[in-house]
Amino acid sequence: MATKNWGFDLKNLDTSIRPTDDFFHYAVGGWLKKNPLPATEASWGIFSVLRQDNRKRLKAIVDELSAEKKPENGSDAQMVRDLYLSGMNEAKREKDGVKPILPIEKKINEIKKTEEIIPLLAYLHNLGFDGLFGFYIDQDERHNEKNILYLGQSGLSLPDRDFYLKDDEDSKRVREAYKKYAVKMFRHYGKKTKEAESAMEAVLKVETELAKHSMTSVELRDIESQYNKRTVQKLSKEAPGVDWEKYFKLVGAGKLEELIVAQPVFMKRIGELLGEVSLEEWKSYFFWHVLNGAAGFLDKKFVTEHFIFYSTTLAGIKKQRPLWERVTGFVDATIGDALGKLYVERYFDHEAKKKINELVDNLFEAYRERIEQLDWMTPKTKKLALKKLSAITRKLGYPDKWKGYKGLVITPDSYIENYWRIHEFESKRILRKLKKKPDLKEWHMTVPTVNAYYNPVVNEIVFPAGIMQPPFFDPKADDAVNYGAIGSVIGHEITHAFDDQGRQFDETGNFKNWWTDEDKKKFEEKAKVLEEEFNGYVAIDDMKVNGSLTLGENIADLGGTTLAFAAFKKSQEGKERVILDGFTPEQRFFLGWVMFECDQVRPKLLRKIVVTDPHSPAVFRINGPASNMPEFAETWGAKPGDKLYREQEKRAKIW
């Protein structure tokens, strides 16, 4: 007879598979078989189910607001309600067609000389359209007591530079589909076929040049190579052809004393391109980024074409999500704190926050003990590692201080105009950071989000309310399952403080080398074992996992699960050892662990993931760490000959 409610459904299992051969499919193979990919999704797993549940909760909030008498103007409720209503008003968008972007096209067509391109770009950036390069404001990685502007590569419409440059079959398939998509979009706008094709060729010409000088996904993980502090004057000498001083003034950044240029070579090439590409080609490029960027706000033919390319061609999704899901997601993404307040009032479990705090305490204590016991780290570096660990702050549930939206005008009339006003409002908020000290209470994820993050420049872990609920955490469930599920996720984020990137920041969050040369070398040798292991995993057909691109996440997966297991064992000291449904506490821990990676992906998306995503495919995020953990081998009886058995000297072990 099954024991009820210990947090894991035995129907999830596929007992035809031996756990020591493929633990991922043993633990959740039954769930995957019973839960095929919905037509609206590119991937589907237990995370997806919780996200869908949260979307329904958000819908309940906005539906209730929509049915009530209009709230006070300027209130959070009013802004949430009216932004949602504007997005749901398809009839208005069908009537307007391309009317909202006609003035922008006119402004683009009015430019007469190359010198007018940068003012045009600033105008487009202020509206929220992408093009050429981008910037953001964050703490200076080497002097995090102040904020600074980071300038970086951008301007591509495909997910990664490789899609423009590689000649494998999938890259060529994507490029051809992209060309057809662009022509269709230009035709829908009203251009004749030859004109549309000519515009498409101009766009592809510019974007391919940008791709050639863009850093690869792996290169983008090199923090030091992207920390290039410059004055505007020095940037102007290195990347002539761009009036940088005018650009920063027009976007509202004012007169900058200094900034960080992430990709100097890319910026130099932009200056050269301004003189090489014809004015008509630039007009086609910029208008394309307006048309493509506005597609989701226009009438159905644009929405549909955009979906077919980005969701079906690139990810294999067969059916578009209902409008309410798309609009609710947009409300969360743009005025998330206004919606988040309402979410917390209605759905947040304060008891869960209290219990997770206790779990986090145990995780930190377990990590402290593991660092103290490391046999490869010298006492000097070990002392600083412990100092950094003890300095990590935690943010659980929701912010202590919510963002305000005073002065933001949201109406139920125009979806795209609401977006432009929101973007302008947020841009001003962001640019004000340049004159302020960093806000250490700020969150970079909305409250209903089913995810978490580690921020190295603040040295903090953040867990929104969205993830602090079943099946990842249930105060009434078995401790083993909770530690396996949410414990491994929290352990994962803590370990990011000590992965190949996070380890380069000190306890205060500054980018600084606190390692001895000997310890750095040993760390890199240990990380190389994990990198080479993942290089050998075949993701799909002839595509293998990129061990360099995924190294940080793989370190966090292995370290986080190892840490969570140690914390669980520590939490059970002095407690009765209970067998439930034939599973030991240790086995239940590992069953809970797999739930947060229970996921299946469409082949087209999987190919994109291998090229662009720093996370390995789900099966390897479970089977990879399992094969390296002696705790797993002991718990499940893995022995030579089993697919997940790895000889001790070949196991990856860092933290």
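The values are calculated or read from the model by the stated rules, or taken from the named source; none is laboratory data. Bear in mind that the values here come from a model prediction, so they are computed numbers and not experimental data. Here Cβ is always computed from backbone atoms with ideal geometry, including for glycine, and neighbour counts include all displayed protein chains.
When restricted to residues that are surrounded by fewer than 16 Cβ atoms within 10 Å (Cβ to Cβ) and within 30 Å of the chain's Cα centre (by Cα), the stretch 97-148 contains 6.
Just one of the listed residues (GLU586, GLU597) is among the acidic types (Asp, Glu), modelled with pLDDT of 95 or more and under 18 Å from GLY487 (Cβ atoms), and it is GLU586. Picking from residues in the stretch 512-535 that are free of Cβ contacts under 8 Å to residues at least 60 places away in the same chain and surrounded by 13 or more Cβ atoms within 10 Å (Cβ to Cβ), the one that is nearest to ASN144 (Cα to Cα) is LYS520.
Of all residues in the stretch 124-135, those that are in contact (Cβ under 8 Å) with a residue 24 or more places away in the chain have Cβ atoms under 6 Å from Cβ atoms of residues that are of a type outside the set (A, V, I, L, M, F, W, C) and not in a loop (DSSP other than H, G, I, E, B), 6 or more apart or on another chain, in GLY128/HIS423; PHE129/HIS289; PHE129/GLY293; ASP130/HIS289; GLY131/HIS289. For LEU50, the conditions (1) surrounded by fewer than 14 Cβ atoms within 10 Å (Cβ to Cβ); (2) within 30 Å of the chain's Cα centre (by Cα) all hold with the exception of (1). Among residues of the stretch 163-178 that are more than 19 Å from SER217 (Cβ to Cβ), those with a Cβ under 6 angstrom from a residue that is part of a helix (DSSP H, G or I) and not aromatic (Phe, Trp, Tyr), sequence gap 6+ or separate chain, pair up as ALA177/THR313.
One residue stands out among those in the stretch 499-543 that are among the hydrophobic types (A, V, I, L, M, F, W, C), in a helix (DSSP H, G or I) and within 30 Å of ILE260 (Cα to Cα): the one that is farthest from the chain's Cα centre (by Cα), which is PHE523. Which of (1) more than 23 Å from ALA333 (Cβ to Cβ); (2) surrounded by fewer than 21 Cβ atoms within 10 Å (Cβ to Cβ); (3) without any contact (Cβ under 8 Å) to a residue 40 or more places away in the chain does ARG432 not meet, given it meets every other one? ARG432 satisfies every listed condition except (1). Going through (1) assigned to a strand (DSSP E or B); (2) of a type in the set (A, V, I, L, M); (3) farther than 20 Å from VAL458 by Cβ one by one, ILE137 falls short only on (3). Among the residues of the stretch 582-590, is there at least one that is assigned by TED's automatic domain parsing to the domain that holds HIS496, in a loop (DSSP other than H, G, I, E, B), free of Cβ contacts under 8 Å to residues at least 60 places away in the same chain and over 24 Å from SER43 (Cβ atoms)? Within the stretch 582-590, one or more residues are assigned by TED's automatic domain parsing to the domain that holds HIS496, in a loop (DSSP other than H, G, I, E, B), free of Cβ contacts under 8 Å to residues at least 60 places away in the same chain and over 24 Å from SER43 (Cβ atoms).
Per-residue answers, yes or no, for (1) in a helix (DSSP H, G or I); (2) farther than 16 Å from SER214 by Cα; (3) at pLDDT 95 or above; (4) out of contact with any strand residue (DSSP E or B) (no Cβ under 6 Å at 6 or more places or on another chain):
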site: GLU141; (1), (2), (3), (4): no, yes, yes, no
site: GLU145; (1), (2), (3), (4): no, yes, yes, yes
site: GLY155; (1), (2), (3), (4): no, no, yes, yes
site: ASP160; (1), (2), (3), (4): no, no, yes, yes
site: GLU176; (1), (2), (3), (4): yes, yes, yes, yes
site: LYS179; (1), (2), (3), (4): yes, yes, yes, yes
site: ALA182; (1), (2), (3), (4): yes, yes, yes, yes
site: ARG187; (1), (2), (3), (4): yes, yes, yes, yes
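Of all residues in the stretch 597-634, those satisfying the criterion of being among the β-branched types (Val, Ile, Thr) and under 15 Å from ASP21 (Cβ atoms) are VAL619, ILE622. When the criteria are applied in full, LEU151 meets the requirement of being in contact (Cβ under 8 Å) with a residue 24 or more places away in the chain and surrounded by 19 or more Cβ atoms within 10 Å (Cβ to Cβ). Taking the conditions (1) under 30 Å from TYR405 (Cα atoms); (2) at pLDDT 95 or above in turn, LYS319 satisfies each one other than (1).
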